[in-house]
């Protein structure tokens, strides 16, 4: 029977978990990968298996969390005190237009 190859020693794992939980950022992952001579994907996988990795939230070019069109239409319907079905087809409008409408209603 073949012996199991260990990618990370228990000491390395403890160090990874401690370093990452102290500062859970992508830069920490990059630094840990360089220190251990591993890829960032490998470090992320190990942290995920250990249950400590926190997926980084996606942000758009403006640095905001992106909103889905159907959620924007829902907010518009709520602000107008109408059923979402009354605004059927509005989700096909450009996202910037939906944001503008919502801002005008709330504004």
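Rounded to the nearest 10 degrees, the inclination of helix 10-22 to the longest alpha-carbon principal axis of the chain is 30 degrees. For log10 I(q)/I(0) by the Debye sum over Cα atoms at q = 0.14, 0.20 Å⁻¹, the value calculated from this model appears in (i) -0.68, -0.94; (ii) -0.57, -0.97; (iii) -0.47, -1.04 under label (i). In terms of overall dimensions, the range 10-49 has a Cα radius of gyration and Dmax of 8.7, 23 angstrom. Using Cα pairs closer than 8 Å and at least 6 residues apart in sequence, work out the relative contact order for the chain, in percent. Across the chain, relative contact order equals 17 percent.
Every number here is computed from the coordinates shown, using simple stated rules; none is lab data. Owing to the predicted nature of the structure, the values given are computational and were not obtained by experimental measurement.
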